[in-house]
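In what follows, a single structure is set out as structure tokens and then discussed.
The values are calculated or read from the model by the stated rules, or taken from the named source; none is laboratory data. What you see is a predicted model; the values in this text were computed from it and never measured. Note that we place each Cβ from the backbone using ideal geometry, even for glycine, and neighbour counts take in every protein chain shown.
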Amino acid sequence: MDYGFIKVAAAVPLVRVADCFYNIGRMEKLMHEAADQGVQMMTFPELSVTAYTCLDLFAHQTLLNGAVDALLKLVHDTTHLDLFTIVGLPLVTENRIINAAVAFQRGEILGVVPKSYIPNCKEYQEQRWFTSAFDLREKTIRIRGKEYPLSSHILFDGGEVLAGVEICEDLWTPVPPSSLLAMEGANIFFNLSASNELIGKHHYRRSLVSQQSARCIAGYVYAMAGHGESTTDLVFAGGGIIAENGVILAESARFVMEDRLLISEIDVHNLKNDRQVNRSFMQGAAHFLSADVLRIPFHLPTNPGTKLTRFIDPHPFIPSGEALRERCEEIFNIQVAGLTQRIAHIQARTAVIGISGGLDSTLALLVTVMTFDALKISRRQILGITMPGFGTTKRTYTNAKDLIRSLGVTLREISIEKACRQHFEDIGHDPSLHDTTYENTQARERTQILMDIANEENGLVVGTGDLSELALGWTTYNGDQMSMYSVNAGIPKTLVRYLVEWIARNKVDETSGKTLLDIADTPISPELIPADEDGHIVQKTEDLVGPYELHDFFLYHFLRFGSTPEKISYLAQQSFGDKYDKESILKWLRLFLLRFFTQQFKRSCLPDGLKVGSISLSPRSDWRMPSDAASTLWLDSLK
């Protein structure tokens, strides 16, 4: 495995009804194609050896014998392939016919899974021919004189991969076999299906696959019968769906009159992490688990260095297209709802917020404005305080004041230069030395001003710092790290910009919108170092700590999945290979890990703040870490 990725495929052959040897010829061709592309595990549709629409021909011995002969030929002719493969066909056992899935590899049949739920309503009449797995007594099936394991509860064990199989209708039931197999350890499911097409049905079918993969915290590979099936009464459009924990990784087109092979990779390491973290996943397992589960070992083919075909999102916090608009709307509503409750609870008369002309304070101000609107309190009760210092540039200073005025917020300007110079004199610091003391003095002076005014006005200081800054510790301890309520604590820097731009275009008037778009276009900087001779920002954050898009990518995979540094580096190279070289990615990843570990003490005493997405650094909920934890193992793994 490459960092936990298993390459899987859903194959849809062009079949002929009841022409078994023609069908396995198409299937063998697809198996070779899959093997050439590094596929390790694959499935074909339900009853793919015979085709699904044979109807009463299923009761004819000629078809049943032909299906077995074709199966054995396919198994024998692919002995040289490492590929773990599942095909569907009718088999006979206990004087009854079953709708079966047969798994084989390297010329050997590994096991047979019978369909559990046999539909028998409307266009489906499978009970006319097939017997349910629930009605079988034997645990083996004889095929041409050889005995093979037979059960609807088989786990095909490939080490870190445990595969389960279900057939079409099994998925549509209240408790699918996959739900029970997941609690037994199965992490990838293969569904052999022959679901026909009806208006609106595919949307529901697609949601079933997605939801079951999420419910089972598993991968799900779904292949359904297509062109070549009889259209006497029904149409089968074919196609495949590959999902992982609620996310559709890949989906093939339907209504295509040719063989199709859908390939993607399932990350079993991420699935393992999510199951371990989700403590309710195995609760009550003792009531459901069965001693009848069979474990059948198989060899998982290795494909070192196989390039991923699945999309690794370089900006995992930011959806694309229409989903981005919906995400921004939802996040903004969460922020406003949280601050509304806090203001109402403490009965604050006003909110106090420091406005720098940067992205974070701008978003916090917008949330505060909408909160006061929701509470039907005048925006004039919001105190927007701009506190120019040694590094404040004309652009940010002007934008801060313009935005405060255009939003109808009360503007107060308090320069921090005099107070900071006095402090430098008091502690004997040379103001020409632009070191950490020089910078942090300004941040702490600003925080003191905000806190004191909040006390004076019976108000609440709204925090502005974001998730990315908290991860890197890019914040002054007991300075801008501190507030009375933080509305941006759950939002990464890459998403803050999109939120500001979305608000500019959808929530404010034209004047405010113009200012917001200029703020979004301004380089990110704490502005604690004096500007250059032309008044331009000198201290650019991303020049010092690295690109925020990389750090947000690192943060997502480090916290969301507990990924190793090696894997994070590998994924970053897959996502950003055209933008950053390997050495740059490793450089900034080392810095991220070093700062993440050394700056935990700042996160251990964070004020209350909103969790917005799947990741939070609050010491009271999502992330509890010793402030003196060593980063040695993580950093050494990158050497």
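Summary of computed values
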| read-out | value |
| --- | --- |
| Hey, Arg295 in a strand (DSSP E or B) and surrounded by fewer than 17 Cβ atoms within 10 Å (Cβ to Cβ) or not | yes |
| Residue satisfying condition, being β-branched (Val, Ile, Thr), over 15 Å from Ile143 (Cα atoms) and out of contact with any strand residue (DSSP E or B) (no Cβ under 7 Å at 6 or more places or on another chain), within set Thr79, Thr53, Thr85 | Thr79 |
| Residue match in region 409-432 (condition: under 26 Å from Tyr477 (Cβ atoms), hydroxyl-bearing (Ser, Thr, Tyr) and under 38 Å from the mean Cα position of the chain (by Cα)) | no |
| Every pair of residues 6+ apart whose Cβ atoms lie under 9 Å, when the first sits in region 606-617 and is basic (Lys, Arg) while the second is surrounded by fewer than 17 Cβ atoms within 10 Å (Cβ to Cβ) and not in a loop (DSSP other than H, G, I, E, B) | none |
| Glu94 modelled with pLDDT of 95 or more and on the phi > 0 side of the Ramachandran plot | yes |
| Residue within region 33-47 that is without any contact (Cβ under 8 Å) to a residue 40 or more places away in the chain and within 31 Å of the chain's Cα centre (by Cα) present | yes |
| Test: residue in region 111-125 that is aromatic (Phe, Trp, Tyr), farther than 20 Å from Asn191 by Cα and surrounded by fewer than 21 Cβ atoms within 10 Å (Cβ to Cβ) | no |
| Count - residues of region 429-452 that are in contact with a helix residue (DSSP H, G or I) (Cβ under 7 Å, 6 or more places away or on another chain) and not in a loop (DSSP other than H, G, I, E, B) | 3 |
| Those residues of region 235-255 which are under 30 Å from Tyr22 (Cβ atoms) and either touching a helix residue (DSSP H, G or I) at 6+ places or on another chain (Cβ under 9 Å) or at pLDDT below 90 (or both), in sequence order | Ala237, Gly239, Ile241, Ile242, Glu251, Arg254 |
| Filter result for Leu14 (farther than 23 Å from Glu197 by Cα and either outside any helix (DSSP H, G or I) or at pLDDT 95 or above (or both)) | no |
| In region 408-451, the residues that are farther than 30 Å from Phe372 by Cα and among the β-branched types (Val, Ile, Thr) | Ile427, Thr436, Thr437, Thr441 |
| Test: residue in region 258-276 that is farther than 21 Å from Leu162 by Cα, surrounded by fewer than 16 Cβ atoms within 10 Å (Cβ to Cβ) and modelled with pLDDT of 90 or more | yes |
| Flag for Gly246 being surrounded by 17 or more Cβ atoms within 10 Å (Cβ to Cβ), out of contact with any His (no Cβ under 8 Å at 6 or more places or on another chain), not assigned by TED's automatic domain parsing to the domain that holds Phe561 and not β-branched (Val, Ile, Thr) | no |
| Strands (runs of 3 or more DSSP E) enclosed by region 171-253 - at least 1 residues per element that are over 17 Å from Arg310 (Cβ atoms) | 188-193, 219-224, 239-244 |
| Some residue of region 197-208 being surrounded by 23 or more Cβ atoms within 10 Å (Cβ to Cβ) and hydrophobic (A, V, I, L, M, F, W, C) | no |
| Only one of Leu544, Leu517, Leu528, Leu559 that is surrounded by fewer than 19 Cβ atoms within 10 Å (Cβ to Cβ) and in contact with an Asp or Glu (Cβ under 7 Å, 6 or more places away or on another chain) | Leu517 |
| Output for region 403-442, where each listed residue is surrounded by 18 or more Cβ atoms within 10 Å (Cβ to Cβ) and in contact (Cβ under 8 Å) with a residue 60 or more places away in the chain | Leu403, Leu407, Tyr438, Glu439, Gln442 |
| Filter result for Leu589 (surrounded by 19 or more Cβ atoms within 10 Å (Cβ to Cβ) and within 21 Å of Gly4 (Cβ to Cβ)) | yes |
